[in-house]
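Below is one structure, written out as structure tokens; comments come after it.
The values are calculated or read from the model by the stated rules, or taken from the named source; none is laboratory data. Everything numeric here is computed off the predicted structure, so don't read it as measured data. Using ideal geometry, Cβ is built from the backbone for each residue, glycine included, and neighbour counts are taken over all protein chains shown. All accessible areas refer to the heavy atoms of the entire protein, side chains included, with ligands and DNA or RNA removed. Shrake-Rupley method; radii C 1.70, N 1.55, O 1.52, S 1.80 Å.
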Amino acid sequence: MDPTQPALGDQQEMSFIDHLEALRWHIIRAAIAVVLFALVAFFSKDFLFHDLILGPSRADFWTYRMFCRAGEWLHAPSLCIDKIGFVIQNREMSGQLTMHISTSFIVGLVLGFPYLFWELWRFIKPGLYPHERQNSQGAVFFVSLLFAIGLLFGYYIAAPMSIQFLANYVVDPTIENQMDMQSYISTLTTMSLSCAFVFELPMIVFFLAKAGLITPEIMRVYRKHAIVVILVIAAVITPPDVSAQIIVTIPIILLYELSINIARIVSRGRTAALNAQLAENHGVA
């Protein structure tokens, strides 16, 4: 129990100022955690940039090696990516220092995301009714787990395919691809974080279904519309490469189907609870 925020019904109802004060301390603790993770990332410069950030820019990256192995197994040498046709450059005097600081902050946010959500949950949870708290147990764990899975998918699958496609796309062979460092890192972080948040779809559906705002029947009826939206999302977060769009689209569609099952389970639970309450009220009457 958060000492700065009493639970609903345990103490006198909090005023608006009290809520703001409680929220302020949650934000302060979350900000401290992000800064600490950012400092760790800042002082791990070699690993952060050479191994993590610049990994997808080299042909020995794990994803490219797996494609080469798949090409050997399928007797399709065209799948192998053994050359990345671009050079990363910095064109500003303070560009590398600025990018070092901003990238460390982004990594701090990513590493601190579970704690950020936990602090947000600690602020929201005392205002929930007991049955709502019971229904949302494990929320922090599953939100963090889906975020991590989506982030890894974006970093190891979506981002490398986008970088590889854009790096080797030329309108004329006399034009050499020399990518700005900021553009490269922006592509990498956008792809990775987009997938991380898209993978939160099952948890979003879970909470909406708990609130009675969505049902499995509605999701089935609008499945075709959802697939169109998914295709648009995949087209936005990936380059105009059909293979990359398909690879991103398939797991999102699977997540949508999983979300339908989650909504079905939640709907059954709500129906059972309602029937039990009606039976209890009828017995009392």
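Among the residues of the range 198-221, write down those that are farther than 15 Å from residue 255 by Cβ and outside any helix (DSSP H, G or I). Answer for the range 198-221, where residues must be farther than 15 Å from residue 255 by Cβ and outside any helix (DSSP H, G or I): 211, 212, 213, 215. Filtering the range 71-129 to residues that are of a type in the set (Phe, Trp, Tyr) and more than 25 Å from the chain's Cα centre (by Cα) leaves 73, 86, 129. When the range 204-236 is filtered for residues that are open to solvent by less than 20 Å² (accessible area, probe 1.4 Å) and within 22 Å of residue 149 (Cα to Cα), the ones remaining, listed by number, are 205, 226, 230, 234. Would you call residue 194 part of a helix (DSSP H, G or I), hydroxyl-bearing (Ser, Thr, Tyr), without any contact (Cβ under 8 Å) to a residue 12 or more places away in the chain and closer than 25 Å to residue 116 by Cβ? No.
Assess whether residue 67 counts as being hydrophobic (A, V, I, L, M, F, W, C) and either over 18 Å from residue 202 (Cα atoms) or outside any helix (DSSP H, G or I) (or both). It is true that residue 67 is hydrophobic (A, V, I, L, M, F, W, C) and either over 18 Å from residue 202 (Cα atoms) or outside any helix (DSSP H, G or I) (or both).
All of 142, 117, 147 fail the test of being in a helix (DSSP H, G or I), at pLDDT 90 or above, under 16 Å from residue 30 (Cβ atoms) and in contact with a Pro (Cβ under 9 Å, 6 or more places away or on another chain), apart from 147. Look at the range 68-87: where a residue is of a type in the set (Lys, Arg) and a partner is open to solvent by less than 50 Å² (accessible area, probe 1.4 Å), sitting 6+ places away or on another chain with Cβ atoms under 9 Å, you get 69/80; 83/59. Taken over the range 43-55, the criterion of being in contact (Cβ under 8 Å) with a residue 40 or more places away in the chain and open to solvent by 60 Å² or more (accessible area, probe 1.4 Å) is satisfied by 45 alone. For the condition out of contact with any strand residue (DSSP E or B) (no Cβ under 7 Å at 6 or more places or on another chain), modelled with pLDDT under 95, within 30 Å of residue 30 (Cα to Cα) and not in a helix (DSSP H, G or I), residue 137 qualifies.
Of 58, 69, 65, all but one fail to be open to solvent by 60 Å² or more (accessible area, probe 1.4 Å), of a type outside the set (A, V, I, L, M, F, W, C) and closer than 13 Å to residue 163 by Cβ; the exception is 58.
Being within 29 Å of residue 112 (Cα to Cα), aromatic (Phe, Trp, Tyr), modelled with pLDDT of 85 or more and part of a loop (DSSP other than H, G, I, E, B), is that true of even one residue in the range 40-53? Yes, because at least one residue in the range 40-53 is within 29 Å of residue 112 (Cα to Cα), aromatic (Phe, Trp, Tyr), modelled with pLDDT of 85 or more and part of a loop (DSSP other than H, G, I, E, B).
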